[in-house]
Structure formats: C-alpha cells, structure tokens
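So the structure is just underneath, and the comments pick up after that.
The values are calculated or read from the model by the stated rules, or taken from the named source; none is laboratory data. Model, not experiment: these values are computed from the prediction. We place every Cβ from the backbone using ideal geometry, glycine too, and count neighbours over all the protein chains shown. In case anyone asks, the SASA skips ligands and DNA or RNA and just uses the protein heavy atoms, side chains included. Shrake-Rupley method; radii C 1.70, N 1.55, O 1.52, S 1.80 Å.
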Amino acid sequence: MHQLRSVYESFSTGVYLLAAVALTLLSISIMGWSVFEVIDTMFLAKRHLEGSFVPVMLQSVGAIVIAVAIHDVAKYMVDEEVLRTKELRSAVEARETLTKIIVIATIAVTTEALVYIFKAGMRDLSLLVYPVLLLFAVVLLLVGLGVYQRLSFQVENGNKKT
C-alpha cells in the first residue's frame, strides 16, 4: 500500500509540474502577444483609427497583469506541489499567498474597468454601467481583503499568546 501511495504521489507531482509548465508557456505567450499588439498599433498598423492606441495599451497592460497572475499560479504549483514536501502551510503563508492573489486580481479587474471606461467615453456614456460595476467589485475585493487580513492577523497573534 505504501508503494502505491508513493507511485500516486509521484504521478500527482508530475501532473502539477506539467500543468505549471503549460501555464508558464501560456503566460509567456500572452505577454508576447500583448507586446506585439502594442508594437503593431504603434508602428505597423496601416489602419490607425483615431484614439486606438490608448485602448490597446490598456488592454495590453491588463493582459500582462493577467499573464503574471497565471505565472504566479504556476509558481505556486511548483513551490507547493512539486518542490515542497507535503506538510501543512502556516497561517502566515496562507494569508500572504491569498493576499498576493487578491491583489493581482484587483489590478486585473481595475485595468479592465479602465479599458471599458475609455471605450464607453468614446462611444456612449450609457455603457459606463459595466465599468462602474467592475470598480464596485474592486472596492468589495479590497474591503474583503482588509477584513480577511485583520481577522487572520488577530488569529495569528492570538495563537502566539497561548
């Protein structure tokens, strides 16, 4: 039975490694495509539309932020599931990891809201409802993160006193 568990853990580690490599390659592809889009808009595009540069830049920034988030997930998988022994994480490590993920998601959603605000401003102001909802989601994310940070910090400090 112990040997079967060992084989399964090795297989599972390999799956995590394969997924992490795939995610890393995808994140690099997203970054490369984003840079290409900016270069194409700046220098190569013959179809320059008035005001197309800023939306492309904002979309590229958003895509790169998302690519970094994807890479962070891949890094987390390698750190936690491939390289690290399978012990339980401390509350501090869990809080730091969750904080990092929420901050990256907040940046991505904020960037997306800015892209939509810019587009709505150029087309129709009635389209601002969606970006405003995105910004409201950002505020909720930040408030939720603050509450989580405060409560988890209190729990960590309470555990140290006992």
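All of Leu98, Leu83 fail the test of being among the hydrophobic types (A, V, I, L, M, F, W, C) and free of Cβ contacts under 8 Å to residues at least 24 places away in the same chain, apart from Leu83.
Annotation note: of Ala120, Ala137, the sole residue that is in contact (Cβ under 8 Å) with a residue 24 or more places away in the chain, hydrophobic (A, V, I, L, M, F, W, C), open to solvent by less than 90 Å² (accessible area, probe 1.4 Å) and assigned to a helix (DSSP H, G or I) is Ala137. Consider segment 65-86 and keep the residues that are under 22 Å from Ser6 (Cβ atoms) and open to solvent by 70 Å² or more (accessible area, probe 1.4 Å). The one that is modelled with the lowest pLDDT is Lys86.
For segment 34-49, the count of residues that are modelled with pLDDT under 80 and open to solvent by less than 50 Å² (accessible area, probe 1.4 Å) is at least one.
Can you say whether Leu145 is assigned to a helix (DSSP H, G or I) and either open to solvent by less than 50 Å² (accessible area, probe 1.4 Å) or small (Gly, Ala, Ser) (or both), as far as the supplied structure shows?
Details: assigned to a helix (DSSP H, G or I): yes; either open to solvent by less than 50 Å² (accessible area, probe 1.4 Å) or small (Gly, Ala, Ser) (or both): yes.
For Leu145, the condition - assigned to a helix (DSSP H, G or I) and either open to solvent by less than 50 Å² (accessible area, probe 1.4 Å) or small (Gly, Ala, Ser) (or both) - is met.
State yes or no: is Ile101 of a type in the set (Val, Ile, Thr), in a helix (DSSP H, G or I) and at pLDDT 80 or above? Answer is no for this residue.
In this structure, does Arg150 turn out to be exposed (fewer than 13 other Cβ atoms within 10 Å of the Cβ) and not hydrophobic (A, V, I, L, M, F, W, C)?
yes
When you look at Arg89, is it closer than 20 Å to Val21 by Cβ and at pLDDT below 80, yes or no? Considered against the rule, which asks whether it is closer than 20 Å to Val21 by Cβ and at pLDDT below 80, Arg89 comes out as no.
Name the single residue, out of those in segment 10-21 being small (Gly, Ala, Ser) and in contact (Cβ under 8 Å) with a residue 24 or more places away in the chain, that is surrounded by the fewest Cβ atoms within 10 Å (Cβ to Cβ). Before the answer, list the steps.
Narrowing segment 10-21 to residues small (Gly, Ala, Ser): 10, 12, 14, 19-20.
Subset that is in contact (Cβ under 8 Å) with a residue 24 or more places away in the chain: 12, 19-20.
On the way: Ser12: 13, Ala19: 16, Ala20: 20.
So the residue we want is Ser12.
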